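Single-structure report; data block below.
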Amino acid sequence: MTKIQFLTMVGCHNCEAAKKVFDEITPNFPDVEVEEFDMMTPEGQELVQKYGIMASPGIIINDELFATGGVDKAKLVARLEELK
């Protein structure tokens, strides 16, 4: 099981774009679990500090920071393929 922690912020256009990418690709990866966190909640703030996230969205895959400030669909798919 691959675990993605997706940190978002209200009104974030890059977050909305990343959500669309997840919606497009996750059906092809049934072993991927995406959990969304609001960066402004205590839990979200804990992850922001732990991983040094400076821009939204923050994407953490299996406890490793993958991207901040947006997501490259091709790179995300390639990373998930590696983890299969």
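Structure values in brief
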item	result
Enumeration of residues in region 14-47 that are among the basic types (Lys, Arg) and either crowded, with 16+ Cβ neighbours inside 10 Å or touching an Asp or Glu at 6+ places or on another chain (Cβ under 6 Å) (or both)	Lys19
Only listed residue being out of contact with any helix residue (DSSP H, G or I) (no Cβ under 6 Å at 6 or more places or on another chain) and either hydroxyl-bearing (Ser, Thr, Tyr) or under 19 Å from Leu76 (Cα atoms) (or both), chosen from Phe29, Phe6	Phe6
Top-ranked residue in region 48-65 [being closer than 18 Å to Glu16 by Cβ and under 10 Å from the mean Cα position of the chain (by Cα); ranked as surrounded by the fewest Cβ atoms within 10 Å (Cβ to Cβ)]	Ser56
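Coordinate-derived values only; no laboratory data. Note that the structure is a prediction, hence the values are computed from the model and not measured. Methodologically, a virtual Cβ is constructed for each residue, glycine included, from the backbone with ideal geometry; neighbour enumeration extends over all protein chains shown.
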